[in-house]
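The values are calculated or read from the model by the stated rules, or taken from the named source; none is laboratory data. Worth saying up front: this structure is predicted, and the values here are computed from it rather than measured. Virtual Cβ from ideal backbone geometry, glycine too; neighbours counted across all protein chains shown. Please note that ligands, DNA and RNA were not included when accessible areas were found on the heavy atoms of the full protein model with its side chains. Shrake-Rupley method; radii C 1.70, N 1.55, O 1.52, S 1.80 Å.
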Amino acid sequence: MDKDKDAGALRGGDQRTGAEARPRRQPPAPTASPPAPPAPLPQDRAAPEPARAPPPPVTPQRSARKERAGRPAAPPSGRPRPDAGARSAARPARGQPADARGGALALLAALREGATLAEAAAGAGLGQLAPAERARAQRLAAATIRWRGRSDAVLAPLLGRQPRAEMSDILRLAVTELLGLGEAPHGVVNAAVALARGAGPGGRAAAGMVNAVLRRAAGAQAQWDGAAPARLPDWLRGPVARQWGEGVAAAIEAAHETAPGVDLTGKPGAAVPGEPLPTGSRRLPPGTQVTALPGYEAGAWWVQDAAAALPVRLLDPRAGERVADLCCAPGGKTMQLAAAGAAVIAVDLSEARLSRVRANLERTRLDAALVAADALAWRPDCALDAVLLDAPCSATGTIRRHPELPLIRDGAMIPDLVRLQAAMIDHALALLGPGGRLVYAVCSIHPAEGEAQLAAALDRHPGLTVERPRMPGLDPAWITPEGAIRTRPDHWGHLGGLDGFFAVRLRRPGG
């Protein structure tokens, strides 16, 4: 499940490796109203166009307050810095959020500066909240982002002039509580007005607008229910629609509105809680506290999205085989390999990320050799039987778990990632003995990182063959014509969906 690990390794830039790219960030647009249909984008030749920002909602005519022309740049340290107005709206005088709603606003403010929700939670002062309030703040922020298409559709006809970013966040948060979560209107409206009044002179001036708009929005359940989900940004929607059609693009957007469950992978023969899924994983409801479940302390299982568990099952490791797990953190696939009895070498550049892998291995009583190294430079002392390459990617397959990603990324990183992935495929094949096998996997729905990457690898390596998946429970519709596995967020809709992944097993000639 955890795809928060850094994955730079971009030559000429940050030399980190892992399964999620850390591309250039862009602050989110203040609204998510549907933009014009995207123009076709070239693939694998030039950087995709950045998403065009749609027109933002506006405040009533009686408010003359305008959006500030710009926002402060991120500090040199690269840490997210919430907008000053949002800080004062969300926090009491001592500089910390006072409650879950204030915490949610602090998280949303940090997103405007390009932080992920995980980064924002670490840097937005939520540590002063009680654990239950802190968890609620994160749920509220995630729901506000996930349902932003619906909240903007409700707010647009009620507003006549563009609000400040802080006021937009307050309005979206309140509409999400009112219409998405079914909270009592009186309490939600009063809380939103109090947050506005706490945002300094500008917020106090806008408090009347917030009150009036939200009282009208409380009766807009039909508009909420009939609204379209937030669109994917153009740089991603264009390639997705060209690959699978407009219907699939819309289905993926709808799937992104659903909070994902908690999936578990267990050791062979272990009792694992949750409902069984066709591919062997187990699923629990969203928000389940996993540390309280039976088997956690005993290390019988670990958290891992059902799609993320497929690459190791595709590799089909055997006891005693020498297998490298490249870009291994946080260790879900390493534990799968070790549980199968393979002699695992887990490689990651970051010592901090390897410490997480080590902790996971210790809890599950599994063994692997951990190596801190650049995956593109590392070589074993002898040829390997198999390599699992969970390559750095755009992480666009995990938007259902990380709904902020479309707001903080602009697609400019795709060409660099494609070149990096190709270099890592070539290097991984060189680590194999004759007849060795490589599984290449990315948690991306961008075809350039999956289908096109496979075609290019086969062109570069004559004799390299694709071995079609043969595993129980795999939906045949997930197998591409070339023999790879392609999962999408709209798959398993009746079961709650799953992450978007591309995985393929390649066999080196010889042996």
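When the solvent-accessible surface of protein heavy atoms is calculated with a 1.4 angstrom probe, in what order do His186, His461 fall, highest first?
Output order, biggest surface exposure first: His186, His461.
Counted residue by residue at 0.36 nm each, then reduced by the alpha carbon distance between them, the extension gain from Ala118 to Arg216 reaches 31.9 nm. For a label point 7 angstrom out from the Cα of Ala271 toward its Cβ, which stretches of region 328-356 have the backbone nitrogen within less than 16 Å? Once the point is set 7 Å along Cα→Cβ of Ala271, nothing inside region 328-356 turns out to lie under 16 Å by backbone N. Round to a whole angstrom and tell me the spacing of the C-alpha centers of region 95-126 and region 201-274. The distance from the Cα centre of region 95-126 to that of region 201-274 comes to 19 Å.
Keeping all protein chains in place, calculate the accessible area per residue for region 115-210 (probe 1.4 angstrom), answer in Å².
On the way: 3270 Å² over 96 residues.
The answer is 34 Å² per residue.
Working from label points 7 Å from Cα in the Cα-to-Cβ sense, the Asp316 to Ala228 distance is 4.4 nm. In this simple spin-label approximation, Cys382 and Ile479 carry label points 7 Å from Cα along the Cα→Cβ vector, and these lie 3.5 nm apart.
Taken along the Cα-to-beta-carbon direction at a fixed 7 Å, the label points for Leu181 and Leu495 span 3.0 nm. Residues of region 357-511: accessible area per residue at 1.4 Å, in Å²? Accessible area per residue, region 357-511: 34 Å².
Within region 356-511, what percent of beta bridges assigned by DSSP are antiparallel, to the nearest 5?
On the way: 13 of 19 bridges.
The antiparallel proportion sits near 70 percent.
Of Ser355, Ser394, which has the most accessible area and how do the rest follow, probe 1.4 Å?
Working: Ser355 55, Ser394 0 Å².
From most exposed to least exposed: Ser355, Ser394.
Look at the alpha carbon pairs under 8 Å that are at least 6 residues apart: their mean separation over the length of region 167-210 gives a relative contact order of 37 percent. Of the solvent-accessible surface of region 420-511, computed with a 1.4 Å probe over protein heavy atoms with every protein chain present, carbon and sulfur atoms account for 57 percent. Shape class of region 256-317 from the Cα gyration tensor (axes a ≥ b ≥ c, square roots of the eigenvalues): oblate, since a/c reaches 1.5 or more and a/b does not exceed b/c. Derived scalar couplings between HN and Hα for region 298-310 equal 6, x, 6, 7, 8, 7, 6, 4, 4, 5, 5, 7, 6 Hz in order, rounded to whole Hz, by the Karplus curve 6.51 cos²θ - 1.76 cosθ + 1.60 (θ = phi - 60°), x for Gly and Pro. Full extension of the chain between Ala456 and Gln128 yields a length gain of 113.0 nm, computed as 0.36 nm times the residue separation minus the alpha carbon distance.
Take every DSSP beta bridge whose two residues both sit in region 256-368; close to 60 percent of them are antiparallel.
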